[in-house]
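First, the structure itself, so that you have it in front of you.
The values are calculated or read from the model by the stated rules, or taken from the named source; none is laboratory data. Computed from a predicted structure; not experimentally measured. Cβ: placed from backbone, ideal geometry, glycine included. Neighbour counts: every protein chain shown.
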Amino acid sequence: MEINNYIEIQGTVVSNFEFSHEVFGEKFYTFMLSTKRNSDIEDVLPAMVSERLLDVKVDLTDTKIAFIGQVRTYNQYKEGKSRLLVSIFMLDIIDLREKDFNNVEVTGYICKLPVYRKTPLGREIADLLLAVNRPYKKTDYIPCITWGRNARYSEGLVVGDCIKIIGRLQSREYAKNEEVKVAYELSVSKLTEAKQD
């Protein structure tokens, strides 16, 4: 089976484990993970883990952890509105390294026309929404952001194009209706055409 959604990440647990849901007797919990970029900017990202992989009864706040997993998404319906939630689904624990890392590799299909624009300082930027298939007819819709040459390339993509993206998962605060919100997106460092299944 080809792996089309992979994240390898290390950071610090910055919240308690909260029960999320149960599937066939297996309980899943959410927590927040802080990981530093090379620029020392801190991304605080939502993650999910099975009670079978990690002892969720132990307080691991301020503990370093490294694991592999997948970027997962789902819709949350609240007050008649739908919001796309992004999180990291933890699959296996790996050995700690000296510095934090955050490496994502996904292959999927453009499911919405890319939005290309320039910042007030003239920096090129493009937003993508990538549909990444999972087994059992499920799909994750991963928001991506590209810069410079990758943004120019993205402008020519159309719905249905299959691409491979390498980058990192990041958090970004923004203001909407005088309220500060957090967006989670895949910041693209490399983008190439991929073979369709």
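Is it the case, given these coordinates, that residue 39 is in a loop (DSSP other than H, G, I, E, B), among the small types (Gly, Ala, Ser), surrounded by fewer than 18 Cβ atoms within 10 Å (Cβ to Cβ) and free of Cβ contacts under 8 Å to residues at least 40 places away in the same chain? Before you say what the answer is, go through the steps one by one.
On the way: in a loop (DSSP other than H, G, I, E, B): yes; among the small types (Gly, Ala, Ser): yes; surrounded by fewer than 18 Cβ atoms within 10 Å (Cβ to Cβ): yes; free of Cβ contacts under 8 Å to residues at least 40 places away in the same chain: yes.
Against the criterion (in a loop (DSSP other than H, G, I, E, B), among the small types (Gly, Ala, Ser), surrounded by fewer than 18 Cβ atoms within 10 Å (Cβ to Cβ) and free of Cβ contacts under 8 Å to residues at least 40 places away in the same chain), residue 39 qualifies.
So, residue 50, is that one outside the structural domain of residue 189 (by TED's automatic domain parsing) and at pLDDT below 95 or not?
Working: outside the structural domain of residue 189 (by TED's automatic domain parsing): yes; at pLDDT below 95: no.
No; evaluated as a whole, the condition is false for this residue.
Which residue pairs have Cβ atoms under 8 Å apart, sit 6 or more places apart or on different chains, and have a first residue in the stretch 144-157 that is within 13 Å of residue 110 (Cβ to Cβ) and a second that is in a loop (DSSP other than H, G, I, E, B) and modelled with pLDDT of 95 or more?
Pairs found: none.
Before we move on, is residue 8 within 25 Å of residue 167 (Cβ to Cβ) and among the charged types (D, E, K, R)? Steps first, answer last, please.
Numbers: within 25 Å of residue 167 (Cβ to Cβ): yes; among the charged types (D, E, K, R): yes.
For residue 8, the condition - within 25 Å of residue 167 (Cβ to Cβ) and among the charged types (D, E, K, R) - is met.
Here is a follow-up. Could you please find all residues in the stretch 158-197 being touching a residue at least 24 places away in the same chain (Cβ under 8 Å), loosely packed, with under 13 Cβ neighbours inside 10 Å and of a type in the set (Gly, Ala, Ser)?
160
Output the residue which, of all residues in the stretch 65-109 that are among the small types (Gly, Ala, Ser) and in contact (Cβ under 8 Å) with a residue 24 or more places away in the chain, is nearest to residue 164 (Cα to Cα). First the steps, then the outcome.
Within the stretch 65-109, the subset among the small types (Gly, Ala, Ser) is 66, 69, 80, 82, 87, 108.
Filter once more, so that each one left must be in contact (Cβ under 8 Å) with a residue 24 or more places away in the chain: 66, 69, 87, 108.
Values: 66: 24, 69: 17, 87: 19, 108: 7 Å.
Selected residue: 108.
What number of residues within the stretch 49-79 satisfy the criterion of being assigned to a loop (DSSP other than H, G, I, E, B) and not polar (S, T, N, Q)? Spell out how you get there, then give the answer.
Here is the first cut: in the stretch 49-79, the ones assigned to a loop (DSSP other than H, G, I, E, B) are 51-63, 79.
With the extra rule that they be not polar (S, T, N, Q), the set shrinks to 51-60, 62, 79.
Looking only at that region, the number is 12.
Here's something else I'd like to know. Which residues, counting only those in the stretch 161-190, are more than 16 Å from the chain's Cα centre (by Cα), of a type outside the set (Gly, Ala, Ser) and assigned to a strand (DSSP E or B)?
Of the stretch 161-190, the ones more than 16 Å from the chain's Cα centre (by Cα) are 161-163, 174-181.
From what is left, the residues that are of a type outside the set (Gly, Ala, Ser) are 161-163, 174, 176-181.
If the condition is that a residue be more than 16 Å from the chain's Cα centre (by Cα), of a type outside the set (Gly, Ala, Ser) and assigned to a strand (DSSP E or B), then 162, 163, 174, 176, 179, 180, 181 are the ones that fit.
Return yes when residue 61 is within 24 Å of residue 129 (Cβ to Cβ), modelled with pLDDT of 95 or more and hydroxyl-bearing (Ser, Thr, Tyr) and no when it is not. Quick ask: steps written out before the conclusion?
Details: within 24 Å of residue 129 (Cβ to Cβ): no; modelled with pLDDT of 95 or more: yes; hydroxyl-bearing (Ser, Thr, Tyr): yes.
Against the criterion (within 24 Å of residue 129 (Cβ to Cβ), modelled with pLDDT of 95 or more and hydroxyl-bearing (Ser, Thr, Tyr)), residue 61 does not qualify.
What number of residues in the stretch 77-130 are loosely packed, with under 15 Cβ neighbours inside 10 Å and under 19 Å from residue 148 (Cβ atoms)?
Total satisfying the criteria: 8.
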